[in-house]
Amino acid sequence: MNKKQKFFAYPYVVWMFIFIVLPIVLVFLYSITTKEVNNIKTINFTLNNYKLFFDPLYIGVTIRSINLALVSTIFCLVLGYPIAFIISKINIKHRNTVLLLFILPMWMNMLLRTYAWMTILGNNGIINNFLNMLGFPSLRLLYNNSAIIIGMVYNFLPFMVLPIYTALSKMDQHLVEASHDLGADNRTTFLRVILPLSLPGVISGIIMVFMPAVSSFVIPRLLGGNRSLYIGTLIENLFLVTGDWNFGSAVAIMMMLIILVSMSILNRFDVDKEGGGSNLW
Amino acid sequence: MKKKTFILVLAIALSLIFTGCSSGNKDKVVLNVLNYGEYIDMDLLDEFEKSFDVKINYEIYPTPEDMYTKVKSGATNFDLIISSDYMIERLINEGWVLELDYDNIPNYQYIDEDFRKTAFDPEGKYTVPYFWGTLGILYDTTKVDGTPTSWDLLWDEGYAGQILMMDSQRDSFGAALKKLGYSLNTTDESELEEAKQLLIQQKPLVLAYVVDEVRDMMIGGEAAVALLWSGEAVAAMGENENLAYYVPEEGSNVWVDAMFIPKTSTHKKEAEMFMNFLTEKENTLLNIDYVWYSTVHTEAINEVDEFLFDNPGFNPSDDILERTEMFRDLGDSLQLYYRIWTEVLAN
């Protein structure tokens, strides 16, 4: 790298330090101390915050959050893969339009999109009004786990579809033709050629959905009515309501660890680095 | 090349926007005001800015705990804060509140004597009361039979899936503790444990734990019964005539919100002038029409609409008030409440 290029990287390095490295260091510092960290003289190191996290109460909250995120991710994958596959097969002339339509809802604020689901699923919502009109009794759709999963799948589906779509459309079509020429039927071609080649996209899709799903606090609050506690809500409460920044930081660090570990496990499946699933974004 | 030009134009445009913000108000006093959301008629801010040539920088917060974090973090030096009794008490105890010069607040004479010396400001040195209210139950008369008078309604299995509780630990615990006949401010672990069991037992019946959504959900008929503050209840009753509000006979919480000046203030005199402005009769009446909470103003109360004057949510009778209790700052015992409330939600 020559000097000129390095010079251009400095603003980014400074940016990264101020907005990414420094906050993480601060969060870590809070997690291993009691009370304030502003004054170096009175700083008091402890591991109690982490000990507290391993209380069955908080472990239960963590497991519940991971389960919910896993279910949402699986739904996203099951829905997202076929969608990405269909989009990649559309005539190139219309493909960008379809893709645009698919991304369009994301231009709106996520909070608004989630509120919209409240008016769809509510007791006097669109679905129940329709059911009542047909003479059926109302269903309780809002404020349960299915409502949270619907909200998550709706909000995070594009994060699954886009990397898979990119992997599929970057794939060399000659390989598919070669597979057919060698006598493989559609099913075998898909399972032995297309699926393995799109795996990097699938993996980054899973990561992109799992990460926000495990830490989301807006969706469980609005669509779940806070009836059960999830790790994102727990962190929010610890910072804003309880004012216990130290334990809140410890929980945040633990959540980062969970995400890091699950990412590294997933990356093992990304055997050939050629697909570059993690480089897609 | 095109991209570069675009970025350049964007940069110039942005810098113009930012300079636009900073110029113009250079010589004016800027008053940093912090208040709950939806808790003031915004026209009053404009009027004060115009008539006193002051710029108001207005910020809002959702719960007293948020206010505490915001003030203590020191990001903004607030000049005037409107908040609730127990949190003001905590800040006064920590030495964060300045004594007021009541000579700058002549309208203080109109404040009801009952509210001048409160549990959180026993000598009446630090605060000017703003609004007050009770904690009670709002119910839909088309869905609830008879006229309930007790906290038991929130635990009635006949309304499973139609009960709204508050995602606010002191209020939800308040309901459970009063139902058991204990004080709202108890720090006794066995009493809190009983309250916790009661709240866990109630959980399958609860539709949701919300705060800001309660009003709209009750107006829209999404639920039958809700734990709620009186002002929110009065506002909801104004829009849906099938709703009714009561303060349970076992007793409940009464709260007073007040204005105070934190020690970070740099414009104490202007802040006091603003307090005086908000305590004027006409301005209080405008504010009542917007926030619907009970007024502390001895003159304004006689000029409100009949609908409000006869409403037990807005103008409770004295025997209701005798049964109520104010939240107090719990100091370190607050951690116990946090812990137990987390256990209720995580269960």
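Take the residues in the range A:125-143 that are closer than 16 Å to A:Y115 by Cβ and more than 12 Å from every other protein chain (Cβ to nearest Cβ); name whichever of them is most open to solvent (accessible area, probe 1.4 Å).
That would be A:I126.
Residue-wise test of (1) within 19 Å of A:L168 (Cβ to Cβ); (2) touching a residue at least 12 places away in the same chain (Cβ under 8 Å).
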residue: A:I66; (1), (2): no, yes
residue: A:F85; (1), (2): yes, yes
residue: A:K93; (1), (2): yes, no
residue: A:N96; (1), (2): yes, no
residue: A:I103; (1), (2): yes, yes
residue: A:L111; (1), (2): no, yes
residue: A:W117; (1), (2): no, yes
residue: A:N129; (1), (2): no, no
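Would you be able to say whether some residue in the range B:125-139 is more than 23 Å from B:G251 (Cβ to Cβ) and small (G, A, S)?
no
Can you tell me which residues in the range B:249-291 are surrounded by fewer than 23 Cβ atoms within 10 Å (Cβ to Cβ) and part of a loop (DSSP other than H, G, I, E, B)?
B:E249, B:E250, B:G251, B:K263, B:T264, B:S265, B:T266, B:H267, B:E280, listed by residue number.
Tell me the residue from A:I32, A:I74, A:I59 that is of a type in the set (A, V, I, L, M, F, W, C), surrounded by 11 or more Cβ atoms within 10 Å (Cβ to Cβ), away from chain B (no Cβ under 14 Å) and closer than 20 Å to B:Q335 by Cα, please. Show your work before the answer.
On the way: A:I74 fails: closer than 20 Å to B:Q335 by Cα; A:I59 fails: away from chain B (no Cβ under 14 Å).
Of the residues listed, the single one that is of a type in the set (A, V, I, L, M, F, W, C), surrounded by 11 or more Cβ atoms within 10 Å (Cβ to Cβ), away from chain B (no Cβ under 14 Å) and closer than 20 Å to B:Q335 by Cα is A:I32.
Can you find, within the range A:218-235, the residue that is nearest to A:N48 (Cα to Cα) among those that are within 9 Å of chain B (Cβ to nearest Cβ) and part of a loop (DSSP other than H, G, I, E, B)?
Ranking the candidates gives A:L229 first.
Being open to solvent by 60 Å² or more (accessible area, probe 1.4 Å), away from chain B (no Cβ under 14 Å) and over 25 Å from A:G225 (Cα atoms): is that true of A:F45 here?
For A:F45, the condition - open to solvent by 60 Å² or more (accessible area, probe 1.4 Å), away from chain B (no Cβ under 14 Å) and over 25 Å from A:G225 (Cα atoms) - is met.
Can you tell me which condition A:L238 does not meet? The list is (1) within 14 Å of chain B (Cβ to nearest Cβ); (2) buried (at least 23 other Cβ atoms within 10 Å of the Cβ), and all the others hold.
Here A:L238 meets the rest and fails (2).
Yes or no: the range A:210-217 includes at least one residue that is in contact (Cβ under 8 Å) with a residue 12 or more places away in the chain, within 14 Å of chain B (Cβ to nearest Cβ) and not small (G, A, S).
So the first thing to find is which residues in the range A:210-217 are in contact (Cβ under 8 Å) with a residue 12 or more places away in the chain, and the list is A:210-217.
Add one more test, that the residue is within 14 Å of chain B (Cβ to nearest Cβ), and what stays is A:217.
Filter again for not small (G, A, S), leaving A:217.
Scanning the range A:210-217 turns up at least one residue that is in contact (Cβ under 8 Å) with a residue 12 or more places away in the chain, within 14 Å of chain B (Cβ to nearest Cβ) and not small (G, A, S).
Show me the strands (runs of 3 or more DSSP E) entirely contained within the range B:148-234 in which 1 or more residues are open to solvent by less than 20 Å² (accessible area, probe 1.4 Å) and in contact with a helix residue (DSSP H, G or I) (Cβ under 6 Å, 6 or more places away or on another chain). Reasoning before the result, please.
On the way: elements: B:163-166, B:206-210, B:225-229.
So the answer is B:163-166, B:225-229.
Restrict the check to the range A:53-74 and report whether at least one residue is closer than 30 Å to A:V98 by Cβ and not aliphatic (A, V, I, L, M).
Looking for residues that are closer than 30 Å to A:V98 by Cβ and not aliphatic (A, V, I, L, M), one finds at least one in the range A:53-74, hence yes.
Provide a single number: the residues in the range B:327-345 that are open to solvent by 30 Å² or more (accessible area, probe 1.4 Å), among the polar types (S, T, N, Q) and within 9 Å of chain A (Cβ to nearest Cβ).
Of the residues in the range B:327-345, 1 are open to solvent by 30 Å² or more (accessible area, probe 1.4 Å), among the polar types (S, T, N, Q) and within 9 Å of chain A (Cβ to nearest Cβ).
Do we have A:N129 as more than 17 Å from A:F217 (Cα to Cα), part of a loop (DSSP other than H, G, I, E, B) and not charged (D, E, K, R) here?
No: the conditions fail for A:N129.
Looking at the range B:197-204, can you tell me whether even one residue there is of a type in the set (V, I, T) and in contact with a strand residue (DSSP E or B) (Cβ under 6 Å, 6 or more places away or on another chain)?
Checking the range B:197-204: not a single residue is of a type in the set (V, I, T) and in contact with a strand residue (DSSP E or B) (Cβ under 6 Å, 6 or more places away or on another chain).
Can you name the residue in the range B:309-326 that is aliphatic (A, V, I, L, M) and not in a loop (DSSP other than H, G, I, E, B) and is also least open to solvent (accessible area, probe 1.4 Å) among such residues?
B:I320
Can you tell me how many residues within the range B:58-96 are in a strand (DSSP E or B), closer than 26 Å to B:V29 by Cα and of a type outside the set (D, E, K, R)?
Initially, the range B:58-96 is screened for residues in a strand (DSSP E or B), giving B:58-61, B:80-84.
Cutting the leftovers down to closer than 26 Å to B:V29 by Cα gives us B:58-61, B:80-83.
Filter again for of a type outside the set (D, E, K, R), leaving B:58, B:60-61, B:80-83.
Qualifying residue count for the region: 7.
The values are calculated or read from the model by the stated rules, or taken from the named source; none is laboratory data. Only a predicted model underlies this, so the values are computations on that prediction, with no experimental measurement involved. A quick note on method: Cβ atoms are made from the backbone with ideal geometry, for glycine too, and the neighbour counts reach across all protein chains shown. The protein model used for the area step is the full one, side chains on, heavy atoms only, and it has no ligands, DNA or RNA in it. Shrake-Rupley method; radii C 1.70, N 1.55, O 1.52, S 1.80 Å.
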